[in-house]
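Structure first, then comments.
The values are calculated or read from the model by the stated rules, or taken from the named source; none is laboratory data. Source: prediction; values computed, not measured. Neighbour counts are summed over all protein chains in view; Cβ atoms, including those assigned to glycine, are modelled from backbone coordinates with ideal geometry. The accessibility values were calculated without ligands, DNA or RNA, using every heavy atom of the protein model including side chains. Shrake-Rupley method; radii C 1.70, N 1.55, O 1.52, S 1.80 Å.
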Amino acid sequence: MFDTAAFASPQQGFERLCELIVDICDAAMLGEVENFRVVASTLHLGNALLLDGRSSALRYNRTPEHIARGLDHFQLVMYLGGGAEFIVGERTFLQRAGDVSLINMSKPHLTREIPGDDGVARVLSFMLPRPLLAPLFAAIENVPTITVARRETAFGALIGEHMLALKRYAAQLTQAERQAAAQSLAQLAAGGMDSHADNTAPLPSSSQEALRARIKRHIEDNLSTASLDVTNLCRRFALSRASLYRLFAPQSPASYIQQRRLHRAFAILVSPAFRPWRIIDVAVECQFSSDATFIRAFRREFGLTPGEARERSLRTSNAPPDDRPAEPRPDAEAARWVAELTGAIPQLSALRTIRQEK
């Protein structure tokens, strides 16, 4: 739970909020500081995160610098009161209360919240890590920055009711049931949002989409397998190299595999379950020939080294330095979930015994 009322002043509460989300976006108030208030709670769903909040209207700016830090997820958002404007380049998308939006956080955008009649924006949001959605889209890299399903449409009403039901019952579910419910929500979002996307680019045939989805699911399930390469993909799916490359164009299949391995490596590095692993352990697990090769590729993809990624994930959960006075942390739970957000992925298949120092 994060509640600005627990802080000495609204300004102090806002500053702490900015510290918590600094790696996700920059935040700015849209009203007077003395009226600022945020109350937010989170619930871990095993492979996703539920956030339920009420706040004074805020502006969130997600820049290329934030994206380079590696937080790799989608947000499924419904405003229960108020709404928001999403600004992508020169275009503005309006989300009203009851509409549902899927936000691709791998692309820059600006969110400007609109308060309801009571002066508060109430939002229900699900953080869905990219590995959860990647197998469900034929071309996840082409998913628009913002897709809005209107409340008047059958699909908008359906997915909105699904989100509210999951919020209502999530606390009563077992962890396995929560994870299954999050997977179901991801499948519903991926299956229905395509028809609401404002995308005039020609789509591949349905058979091509299905084949590409099957290949990507196979890739996602075998990222730690050494034999996962172009030759074996062609053999398994009875494709020529040219046909396989056309399915992945403009990206190459080999580049896509390495990108997915790097994102898996990022998730391992920031997950508390894998803190004992050395950088070389993660490199070997993700099929890099050496730690030097892994570090270079990781830096190219995320703009920071594996060690810096791990250090960043530890920052918000560590105790305050000795030269700073200790202070109550009413938002400790929120800090922990933010710090672990990129680790909210499905259980890594074929978990390996921690390697010993040679």
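Run the numbers for R299 and A165: contour at 0.36 nm per residue of separation, minus the present Cα-Cα distance, in nm.
Values: separation 134, 0.36 × 134 = 48.24 nm, distance 4.07 nm.
The span from R299 to A165 would gain 44.2 nm if fully extended.
Hey, what's the Cα Rg ratio for the stretch 206-277 versus the globular rule of thumb, 2.2 N^0.38 Å? Walk me through the numbers on the way to the answer.
On the way: Rg = 13.8 Å, N = 72, 2.2 N^0.38 = 11.2 Å.
The stretch 206-277 yields a ratio of 1.24.
Within the stretch 75-163, list the GluC sites (Glu not before Pro) lying in a DSSP loop whose Cβ has at most 16 other Cβ atoms in a 10 Å radius. If you can, show how the numbers build up before the last one.
Working: sites: E85, E90, E113, E141, E152, E161; in loops: E90, E152.
Counting only loop positions with at most 16 other Cβ atoms within 10 Å, the GluC sites (Glu not before Pro) in the stretch 75-163 are E90, E152.
Filter the trypsin sites (Lys or Arg not before Pro) in the stretch 40-130 to those in DSSP coil with at most 14 other Cβ atoms within 10 Å of their Cβ, and list the result.
Numbers: sites: R54, R59, R62, R69, R91, R96, R112, R122; in loops: R69, R96.
Those satisfying the criteria are R96.
Along its principal axes, what span do the Cα atoms of the stretch 141-181 show, with the longest given first and each in whole Å?
Between the extreme Cα coordinates on each principal axis of the stretch 141-181 lie 33, 28, 11 Å.
Pop out the carbon and sulfur fraction of the accessible area of the stretch 43-137 as a percent, whole number, probe 1.4 Å. Provide the component values of the computation, followed by the final result.
On the way: 1670 of 3170 Å².
That fraction is 53 percent.
How do E209, E65 rank by accessible surface area computed with a 1.4 Å probe, from largest to smallest? Intermediate results must be reported in sequence, preceding the final value.
Working: E209 60, E65 115 Å².
Correct descending sequence by accessible area is E65, E209.
Write down the accessible area per residue of the stretch 77-175 in Å², having rolled a 1.4 Å probe over the full set of protein chains.
On the way: 4040 Å² over 99 residues.
Averaged over the residues of the stretch 77-175, the accessible area is 41 Å².
Taking a spot 7 Å from the Cα of A254 along the direction of its beta carbon, which residues of the stretch 284-311 have an amide N less than 15 Å from it?
Counting backbone N atoms under 15 Å from the label point, the list is 288-289.
Sorted by accessible area with a 1.4 angstrom probe, largest first, how do R278, R16, R235 fall? Could the numbers behind the result be given before it?
Numbers: R278 70, R16 25, R235 160 Å².
So the residues, ranked largest to smallest area, are R235, R278, R16.
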